[in-house]
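Single-structure report; data block below.
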Amino acid sequence: MSFFNFIGRSLFFLILLFPSIWTSPIQAKEKHIIKFATLAPEGSSWMKSMRTLSNKIKKATDGNVIFRFYPGGVSGDEIDVIRKMRIGQLHGAGFTGVGLGQILPGVRVLDLPFLFDNDREVEYVYSKMNSYFTDSYEDKGYILLGWVPVGWVHFFSQRPIRSVEDIRQSKPWIWEGDPLVESVYKGLGVQPIPLSITDVLLSLQTGMVNTVYASTQGALALQWFTKVQHITRLRMGFATGGVLISKKQFYKLSQPYQDKVRKIGAEFLPELVQLIQNDNKKAHKVLEKNGVKWVALPDKKEMIRFQEAGGLARKTLAGKYFSTELLNEVLKHLQEFRKTNRNNK
């Protein structure tokens with residue numbers, strides 16, 4: 001056998017045994033598809049922003065990390081989405097507080113009714129609690145890519161809701177599996193009708209329910225505004241939300257890609273938060289143009305009755321869905337902010 005034949009055969013066997021050494025670095029990189037679900041419908045500001053986020057991540061990872069979206073609730077309610085994430089059918093999702101709380105009940109402390117008075121309080125407390133919740137979600141098997149709160153929640157109804165008695169006389173919906181609102185309604189003496197969020201529109205049409213709760217933008221996106229005539233000015237609470245990715249799927253990415261996804265999420269999602277706040281404000285005008293009328297409480301006494309129900313909910317839930325220590329920490333940060341803000345006036 002000639003020397004050249006020997007070298008040729010040796011190279012042939014090396015290629016068979018170690019094909020990866022002949023693969024270019026670009027070819028060697030595995031493409032990762034993140035299957036991502038959300039209740040937000042296609043065409044909404046939320047989905048437009050998520051597609052922008054997806055494009056930024058795709059570009060930063062040379063096209064090797066790609067999001068595949070399942071919008072508009074096609075993957076089911078948030079509880080369905082969590083189940084599919086646990087078995088690997090989905091890898092990520094945008095959640096409201098209800099979905100976030102199914103994984104980590106303690107996060108619902110941020111959703112407590114009548115906890116916050118304004119956006120600045122919300123931003124301050126979230127910034128103080130971010131590390132705690134990021135670590136807690138990772139312990140549960142999820143990466144918290146960022147917060148995307150739903151915003152301020154109001155009652156939407158077919159009859160005006162001006163008092164506790166009005167809500168008692170209505171047929172109010174409650175998101176099935178939401179202990180927070182259940183506790184508030186219990187404190188108000190209200191018997192709600194539990195339904196999946198995907199069943200609410202039909203239930204409004206049939207008269208099964210006639211009162212729901214949502215942000216102004218949420219009521220538009222879900223088309224609930226077409227079946228109600230009134231919105232109560234009372235802010236029921238500030239609804240949290242966030243973007244989660246399965247830790248198992250996330251750690252399949254190389255470390256540089258993990259860093260890029262985290263960095264882009266940290267930079268971009270706050271922009272989405274601001275967009276949602278602006279959309280909620282714009283939604284006020286859209287609702288008014290479509291004949292939905294604002295309703296005010298008659299006096300401070302009714303406000304106090306609602307607030308007392310919120311306080312009762314805190315006592316009921318503390319030690320059960322979140323620790324008393326966690327609640328006290330959130331309240332401490334809130335009091336710090338209010339004290340500083342008061343002193344700066």
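Tabulated results
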item: Residues within the range 234-253 that are in contact (Cβ under 8 Å) with a residue 60 or more places away in the chain and among the hydroxyl-bearing types (Ser, Thr, Tyr), tallied; result: 2
item: Checking residue 260 against (1) surrounded by 18 or more Cβ atoms within 10 Å (Cβ to Cβ); (2) of a type in the set (D, E, K, R); (3) within 25 Å of residue 113 (Cβ to Cβ), the condition it does not meet; result: (3)
item: Any hit, the range 27-46, residues being basic (Lys, Arg), open to solvent by 10 Å² or more (accessible area, probe 1.4 Å) and part of a helix (DSSP H, G or I); result: no
item: Contacts under 7 angstrom Cβ, first residue in the range 315-333 being within 12 Å of residue 129 (Cβ to Cβ), partner surrounded by 17 or more Cβ atoms within 10 Å (Cβ to Cβ) and hydroxyl-bearing (Ser, Thr, Tyr), 6 or more apart; result: 333/124
item: Residue count for the range 67-123, restricted to those that are closer than 25 Å to residue 42 by Cβ, surrounded by fewer than 19 Cβ atoms within 10 Å (Cβ to Cβ) and in contact with a helix residue (DSSP H, G or I) (Cβ under 8 Å, 6 or more places away or on another chain); result: 4
item: Some residue of the range 51-66 being within 18 Å of residue 149 (Cα to Cα), outside any loop (DSSP other than H, G, I, E, B) and open to solvent by less than 10 Å² (accessible area, probe 1.4 Å); result: yes
item: Output for the range 164-214, where each listed residue is assigned to a loop (DSSP other than H, G, I, E, B), modelled with pLDDT under 95 and surrounded by 19 or more Cβ atoms within 10 Å (Cβ to Cβ); result: 178, 190
item: Members of the range 253-276 found to be out of contact with any Phe, Trp or Tyr (no Cβ under 9 Å at 6 or more places or on another chain) and over 17 Å from residue 54 (Cβ atoms), listed by number; result: 254, 255, 256, 259, 274
item: Residue among 110, 90 that alone is part of a loop (DSSP other than H, G, I, E, B) and among the aliphatic types (A, V, I, L, M); result: 90
item: Count of residues meeting criterion [open to solvent by 80 Å² or more (accessible area, probe 1.4 Å), closer than 19 Å to residue 220 by Cβ and within 21 Å of the chain's Cα centre (by Cα)] in the range 263-285; result: 3
item: Residues that are under 18 Å from residue 40 (Cα atoms) and not charged (D, E, K, R), drawn from the range 269-285; result: 269, 270, 272, 273, 274, 275, 276, 277, 278, 280, 283
item: Unique match (being open to solvent by 20 Å² or more (accessible area, probe 1.4 Å) and modelled with pLDDT of 90 or more) among 240, 232, 226; result: 226
item: Those residues of the range 297-345 which are touching a strand residue (DSSP E or B) at 6+ places or on another chain (Cβ under 8 Å) and either exposed (fewer than 13 other Cβ atoms within 10 Å of the Cβ) or not in a loop (DSSP other than H, G, I, E, B) (or both), in sequence order; result: 310, 324, 327
item: Test for residue 136: is it polar (S, T, N, Q), in contact (Cβ under 8 Å) with a residue 12 or more places away in the chain and closer than 15 Å to residue 240 by Cβ; result: yes
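The values are calculated or read from the model by the stated rules, or taken from the named source; none is laboratory data. As the structure is a computational prediction, the values presented were derived from the model and not from experiment. Reconstructed Cβ throughout: ideal geometry from the backbone, glycine too, with neighbour counts over all protein chains shown. Just the protein is used for accessible areas: all its heavy atoms, side chains included, with ligands, DNA and RNA removed. Shrake-Rupley method; radii C 1.70, N 1.55, O 1.52, S 1.80 Å.
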